[in-house]
Amino acid sequence: MPEWLQAGGWGLLAGSALLVGAAVGWFARVPQRVIASIMAFGAGVLLSAVSFEMIAEAHAQGGMLPTVLGAGGGAVVYTLANLALARHGARNRKRSGSQPSEGDQPGSGSAIAVGALLDGVPESVVIGASLLSGGTVSLVTVAAVFLSNVPEGLSSAAGMRQAGRSRRFVFLLWIGIALISGAAALLGNSLLGGAPPEVLAGITALAAGAILAMITDTMVPEAFENAHLLVGLITVAGFLTAFALSHA
C-alpha cells in the first residue's frame, strides 16, 4: 500500500474516535463527573504524546531552534484562532454543559465546527508526517490521539445535545472531522516527503505547540470543572498510560 494511503488510513482511524465518543455522548446520559474524568485521562494521554513523541522527535530531527520556534508558533496560531472563534460562540466547544445554543448566539454552530477542525488537524498532520521518519507510523501517537478523541467527542456531543443542536448537525460534524483528519494525515505525508529534517522538526513542533495550547485551553478546564480534586490523579494515569505505550 502506498505510504500516503497508509497515512490517510491511520488519520481516519484516529479521527473516527471522535465519532465513537459523539455517539456515546449523544445516546447515553453520561454523568458530567464521568465525562470530566474521561476528559482528564485524555488530556494526560495527549500531554505524554506531545512530550515524548512530538517534541522529542522534533528535537531529534532538527535540534532546539526549529523545535522551539515551531512549538511557540503553533501555540500562537492556535491561540489567535481560538480567540477569534470564542467571539462567535466556540469558546466552550468541548464542554458538556456550557455551550451556547444557536438561539443564544447565532453562528455558534459554525464556529464550533471550525473549532473542531482547529483542534483535530494538527494531530492528523503529525500522524502523516510520522511515517516519513522511519517508514512506519508512530503507533503511540495514533493511540494517544484515538484515546484523547473519544472523550473530546463525548463531551462536545453531550454539550451540543444540551444546547439543543440536532442529531444531524452533531453527526455530520464529527463524520466530516473524521474524514478531514484522514485527509490531513494524507496531505501531511504527501507534502512533507523529501523536506529537510529542520522543516519536518518545525512542522512537528508546530503541531505539538497547537495541541498543547488546545489541551490547556479546552480539555483541562472541562475536566477540572466537574472532577475537582481527582482531576490531577486521573490526568497522571492517562500520562503514564501513553508513556508506557511509548516504551512497550
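Could you point to the residue in 8, 22, 45 farthest towards the positive end of the chain's charge dipole, with +1 and -1 charges on the Cβ of Lys/Arg and Asp/Glu respectively?
Result: 22, furthest along the dipole toward the positive end.
Which log10 I(q)/I(0) values does segment 3-70 give at q = 0.14 Å⁻¹ under the Debye formula, counting every alpha carbon as one identical point scatterer?
Taking Cα atoms of segment 3-70 as identical point scatterers yields -0.67.
From largest accessible area down, sort 30, 145, 20; use a 1.4 Å probe on the protein chains.
The most accessible residue leads, giving 20, 30, 145.
Could you please put 147, 69, 83 in sequence from largest to smallest accessible area, using a 1.4 Å probe?
Reading off the accessible areas and sorting them downward yields 69, 83, 147.
Heavy-atom accessible area of residue 3 with all protein chains present, probe 1.4 Å, nearest 10 Å²?
70
Enter the Cα centre distance for the pair segment 189-217 and segment 15-73, rounded to the nearest angstrom.
14
Rounded to the nearest percent, how much of the accessible area of the chain (1.4 Å probe, protein heavy atoms only) is carbon and sulfur?
72
Work out the length of the dipole vector of the chain about its Cα centre, built from +1 on the beta-carbon of each Lys and Arg and -1 on the beta-carbon of each Asp and Glu, and round it to the nearest 20 debye.
That gives a dipole near 800 debye.
Rg and Dmax of the chain, using alpha carbons, in Å: what are they?
Both quantities, over Cα of the chain: 17.0, 50 Å.
Rank 166, 246 by accessible area, highest first, at a 1.4 Å probe radius?
Result of the area sort, largest leading: 166, 246.
Let me check against my output: what whole-number percent is the relative contact order of the chain, with C-alpha pairs under 8 Å and at least 6 apart?
Reported as a whole number, the value is 47 percent.
Run the 1.4 Å probe and let me know the accessible area of residue 217, rounded to the nearest 10 Å².
Result for residue 217: roughly 50 Å² accessible.
What's the extension gain from residue 175 to residue 29 if we count 0.36 nm per residue and subtract their Cα-Cα distance?
50.4 nm
Just the accessible area for residue 59, please: 1.4 Å probe, Å², rounded to the nearest 10?
Residue 59 has an accessible surface of roughly 90 Å² with all protein chains in place.
If you roll a 1.4 Å probe over the heavy atoms of the protein chains, what accessible area per residue do you get for the chain, in Å²?
Accessible area per residue: 42 Å².
The values are calculated or read from the model by the stated rules, or taken from the named source; none is laboratory data. Note that the coordinates shown come from a computational prediction; the quantities given were computed from them, not determined experimentally. As a convention, Cβ positions derive from the backbone with ideal geometry for all residues, glycine included, and neighbour counts pool all protein chains shown. Note: areas computed on protein heavy atoms with side chains; ligands, DNA, RNA excluded. Shrake-Rupley method; radii C 1.70, N 1.55, O 1.52, S 1.80 Å.
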